[in-house]
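Report on one structure; see the data block that follows.
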Amino acid sequence: MEKSNEQFIGDSVYLVNSKYNELESRTKTLYFTYLDKNKSPEQFQRQVERLWKDLDHEFMDKQISKLKELVHNNNVELGIEVKALDKGKESYHTVGDIVVDDYFSLTPEKDFRKIENRYIERVVKSYTRSYKSIQGKDKDTYIQNKLDVYDEEVNQVVAYYKQDTNSIARYVDVATYLSMLHNVDLTRSGWNTTLGDADRLNMNLFIIPYHPFSCEYCQLYQNRILTRYEVEEILGTEAHEQVGDVLHPNCKCTLSLFWDNSQIEKVPYSREEQVDFYDIRQKVNNYSLKIDRWITDRSIIKRYGTQKQLDKINRKIKNANDKIQELVNTLPTKDLKRQVEAIYR
């Protein structure tokens, strides 16, 4: 098969994060362009709403559908021969036969819109304050100062909660949070598909296949033969990494039907090494997305900022590129390096 389920989820989450990053970058460019041209808050709001309201979430649904197809086909390919359970039903080999109940619920579109609207309100309020404050002041100096505080003032929208105290650990931006929601939806869709396949085939055993960039939590369950009850416990009650009310947001592990012991791979790395691999991939992903943002910031600074600010952003970009290469070089094999480098566009 060309791409594993886990690779597909990783690529899809990165795609969503990139799309939201692009929208945030375009909004930021609009913010400083309009502030420089003394455009009214009403004019700014209209343009921002037009930019964000045009966002079509259908591309996420298409990614989920593709994953369902991939998971279903992988499940079927693992069996030597699979037949329809009831006489008269179409062959189970075809993708069109996928019938999935929502064992684990997905995020409704309105929840995505809610966070997007919260961001729009936040950036419009910030612009309105800036528009009023800049009047009668040296415009260049004001914009240069605003460049330094914009991200903290505008982008940190959603609270990230600690599990033990339920207190706010930090705030995350729209791109980070909504790509996490999409990650959860993809993972749950894959598990839903496998549970649906199991129902139709009257199978009760499952396995979470090994993959080298698994999160620390799922490493405990990889390559173990699992009952349906254990599967429901794993995803439904024990995974308490939280972002708002989202469980286990960075998990990309998928569930497969268990056919025979050939599916149990020998894991070539220790638990500690696997944790390191996961951390490396997450860090490279984060650095790559930051670089995309900083490139936008650099274009804004070239127009409105100072040489000192330009030098600072160039250092950030260079240091991030160096750090990515350093992280990739710590991986022990070419294959692992290739999988992580694929994130770094």
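Set the bar at 19 Å for Cα to Cα. Now go through K290/K323; K125/K316; K283/K323; K137/K312; K125/K302 and name every pair that lies beyond it.
Checking Cα-Cα distances, K125/K316; K137/K312; K125/K302 exceed 19 Å.
Once you keep just the Cα pairs under 8 angstrom separated by 6 or more residues, what percentage relative contact order results for the stretch 284-345?
Across the stretch 284-345, relative contact order equals 48 percent.
Exposure proxy check: T254, T176 ranked by fewest other beta carbons within 10 Å?
Ordered by Cβ neighbours within 10 Å, fewest first: T176, T254.
Report, ordered by chain and residue number, the lysines lying within cross-link reach of K66, taken as a straight Cα distance under 24 Å and ignoring same-chain residues fewer than 8 apart.
K3, K19, K83, K89, K110, K252
Expected output is a single nm value to one decimal: the length gained when fully extending between V149 and Y269, i.e. 0.36 nm times separation in residues minus the C-alpha distance. What is it?
Here the segment from V149 to Y269 would lengthen by 38.9 nm.
What does the highest-first list of 192-199, 261-268, 282-289 look like by mean Cβ count within 10 Å?
So the peptides 192-199, 261-268, 282-289, ranked by packing, come out 192-199, 282-289, 261-268.
Tell me the GluC sites (Glu not before Pro) within the stretch 17-84 that lie in a loop according to DSSP and have at most 10 other beta-carbon atoms within 10 Å.
Here the GluC sites (Glu not before Pro) that fit, given the DSSP loop and packing criteria, are E81.
Contour minus end-to-end for Q43 and E22, with contour as 0.36 nm per residue of separation and end-to-end as the Cα-Cα distance?
5.5 nm
For Y217 paired with N314, estimate the spin-label separation in nm (one decimal), with each label point 7 Å from Cα along the Cα-to-Cβ line.
Each label point is offset 7 Å from its Cα along the Cβ direction, giving 4.4 nm.
Amide H to amide H, which residues 5 or more places from L205 or on other chains are under 5 Å from it, using H placed in the peptide plane?
Answer set, sorted by chain and number: F258.
Any idea what % of Cα-Cα pairs in the stretch 271-345 are farther than 16 Å?
52
None of the figures in this text is laboratory data; all of them are computed from the coordinates on show. Just so it is clear, the model here is predicted, and its values are computed rather than measured. Positions of Cβ are backbone-derived with ideal geometry, glycine not excepted, and every protein chain shown enters the neighbour counts.
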